[in-house]
Amino acid sequence: MSHTLKTNTSALSTLITVFFFWGFIAAGNGVFIPFCKHYFNLDQFQSQLVDFAFYGAYYMGALFLFIYSVVRSYDLVSAWGYKRSIVYGLLFSLLGAIAMILAVNYGSGQNGFGFFLTAFFILALGFSLQQTAANPFAILLGDPSTGSHRITLGGAINSFGTAIGPIVVALILFGGTQVSDEMIKSLSLGSVLSLYAGVGLLFLLSAALFYFSKKVPDGFHDAKVESSTKAMWLMIAITIGLVASFIPVFQSYKLNINSFSEADIFSLEVKRMWYLIAGLFVLIVGLGYAYFNSKKNSQSWGALQYPQMLLGMFAIFVYVGVEVSIQSNMGELLKKPEYGSMQAADIAPYISMYWGSLMIGRWTGAIPVFNPSKLVNSILLLVVPIVAFGVVIGINLMAKKDMSTLYYYVFCVFVLIAGFFLAKSRPVFTLMLFSALGILAMFIGLMTTGQVSIYAFLSGGLFCSIMWPCIFSLSIAGTGKYETQASGFLIMMILGGAIIPPLQGKLADISSIGIHKSYWITVLCFAYLLFFAITIKKILKSRGIDYDQEVVSGH
């Protein structure tokens, strides 16, 4: 199927429903982290394994598709077509919802948490297939030069899902939007069953909507792929290394630490942390190996022969990791005395505003989809973020949440607006600017406490909001016939959401570091994204690609 200049709006409107699902389910997971922590008596690291299972499935799903394509010289997603691939992905997520229902019925007791994690993993495997097909499909539904704007629009809908997800989940699980620690502790597993029965039904209805829609094209592509055996064996080696680094951590939780001294516990926590860092090191070394060896001989390296691709893979890893980690550990942070010793009901508005911050930025980044005039664009850059902020406040007020402490957060939104005016839809400069603002925000959050610190950490959502399409479009630029494969590699790197939050959780579990200081990891993440933006501009320019001359914006 060839690209057309006119956007297929009917197909696009159907496609973006799956973007909503990703946000809705991922944000809803936030409710399960404190629930699982109490119900299964977990520490902060163990509670973050909800994210580990969920985002790790993205990696494993994309890895399987890549290995299959190399072994069979046949791209499964291209052969199925993007439409059918999304339908299959939705049906696989339906299996995950069914697995969650089974986990509720048969997974209580000592191994219950493992059943829950398995269900999250299966559900997210379906999301992995959906993502692999949906991002290039969005580009296919119109002029390629405006493809990233369509991904941005999908991201805006995704963020709407993240904004209302926790509220809807709270209504289903607790019968109201005011959730206290006591309510979490007394949550009935039967409520979880009802939630996932409803989620499974939605997956089924969405699959039917896609399958029977005559307006959504099949999206077939040439299924033949070039040899990429070196890349395949490298990714297998990286996967083995990651598994090897996590196994000792999991095994250590079988130890009986009741007889351990305080020094022994501290030593154990440090060892666990170093194993997690070793996993991160495996990924960095693996990508570095491909970077230098593909320069000598590019044959069989596939998309990994391109330096922008390798740097972009780690950028996606870091971006997803920091976006998820800021929020996943925030609940624990706000319980500390220096943050007011908040209870679950007090924390909920802040978590909602974090996801809302992503929505605010992505709604703003989606403005170019509608191709406004220069004057109208400027007006919308002022109006849309404020309206989006009002929507987040309004949704929470309707849910009877006290948002009074967040009204002044609008000043952080003004910083976002200024950033958009300065960036002028240039992807490299946008990434540079928002990475620098992310570093500044995290630094302020670390150097202060109370409301200033909370606002600073929350604004990380604003600055993360438009990074995905910038990184994505810059990473696959110039990859030519390997573009589909490159897209799959980037989807694999959603793995960052599985590794960085648990790593921060483990830092928080070390008494001498604690939850507040653990946020230094977010500074390092934004610093790499700034490095990537600076480096990618030089790489692409050396290949005759000046991306900052194009109008490209937001996830």
3 or more residues among the aliphatic types (A, V, I, L, M): qualifying helices (runs of 4 or more DSSP H) within the range 38-80: 49-72, 76-80
Residue ID - farthest from the chain's Cα centre (by Cα), chosen from residues in the range 500-554 that are of a type in the set (S, T, N, Q) and at pLDDT 90 or above: Thr535
Single condition Tyr306 does not satisfy, out of (1) open to solvent by less than 20 Å² (accessible area, probe 1.4 Å); (2) more than 25 Å from Ile510 (Cβ to Cβ): (1)
Qualifying residue in the range 396-403 (condition: polar (S, T, N, Q) and assigned to a helix (DSSP H, G or I)): yes
In the range 239-260, residue nearest to Gly279 (Cα to Cα) [restricted to those that are open to solvent by 50 Å² or more (accessible area, probe 1.4 Å), within 34 Å of the chain's Cα centre (by Cα) and not β-branched (Val, Ile, Thr)]: Ala244
Search result, residues across the range 68-92 that are of a type in the set (A, V, I, L, M), open to solvent by 30 Å² or more (accessible area, probe 1.4 Å) and closer than 20 Å to Phe19 by Cβ: Leu91
Residue identified as out of contact with any Cys (no Cβ under 9 Å at 6 or more places or on another chain) and over 24 Å from Leu333 (Cα atoms) among Ile444, Ile454, Ile466, Ile499: Ile466
Residue in the range 332-343 that is in contact with a helix residue (DSSP H, G or I) (Cβ under 8 Å, 6 or more places away or on another chain) and within 30 Å of Trp233 (Cα to Cα) present: no
Filter pass, Val270 being closer than 30 Å to Asp43 by Cβ, open to solvent by less than 70 Å² (accessible area, probe 1.4 Å) and touching a helix residue (DSSP H, G or I) at 6+ places or on another chain (Cβ under 6 Å): no
Single residue of the range 389-428 satisfying the filter (farther than 23 Å from Ile157 by Cα and not hydrophobic (A, V, I, L, M, F, W, C)) that is surrounded by the most Cβ atoms within 10 Å (Cβ to Cβ): Thr405
Those residues of the range 348-368 which are hydrophobic (A, V, I, L, M, F, W, C) and buried (at least 22 other Cβ atoms within 10 Å of the Cβ), in sequence order: Ala348, Met353, Trp355, Leu358, Met359, Ile360, Trp363, Ala366, Ile367
Conditions (1) among the small types (Gly, Ala, Ser); (2) open to solvent by 60 Å² or more (accessible area, probe 1.4 Å); (3) not in a helix (DSSP H, G or I): number failed by Ala263: (3)
Tabulated pairs, the range 248-262, first of a type in the set (Phe, Trp, Tyr), second modelled with pLDDT under 75, C-beta under 6 angstrom, 6+ apart or interchain: none
Residue in the range 466-477 that is farther than 20 Å from Ile326 by Cβ and at pLDDT 95 or above present: no
Any chance Tyr291 is in a helix (DSSP H, G or I), among the aromatic types (Phe, Trp, Tyr) and either over 26 Å from Leu63 (Cα atoms) or more than 19 Å from the chain's Cα centre (by Cα) (or both): yes
Wholly enclosed helices (runs of 4 or more DSSP H) of the range 429-524 bearing at least 1 residues open to solvent by 20 Å² or more (accessible area, probe 1.4 Å) and out of contact with any Gly (no Cβ under 8 Å at 6 or more places or on another chain): 450-464, 483-492, 496-509, 514-517
Lone qualifier among Met313, Met342 - being of a type outside the set (Val, Ile, Thr), in contact with a Leu (Cβ under 8 Å, 6 or more places away or on another chain) and open to solvent by less than 20 Å² (accessible area, probe 1.4 Å): Met313
Any hit, the range 212-227, residues being at pLDDT 85 or above, under 30 Å from Gly142 (Cα atoms) and open to solvent by 70 Å² or more (accessible area, probe 1.4 Å): yes
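The values are calculated or read from the model by the stated rules, or taken from the named source; none is laboratory data. What you see is a predicted model, and the numbers here were worked out from it, not measured in a lab. In this analysis, Cβ positions are derived from the backbone assuming ideal geometry, glycine residues included, and neighbour counts consider all displayed protein chains. Ligands, DNA and RNA are excluded from the accessible area calculation, which covers all protein heavy atoms including side chains. Shrake-Rupley method; radii C 1.70, N 1.55, O 1.52, S 1.80 Å.
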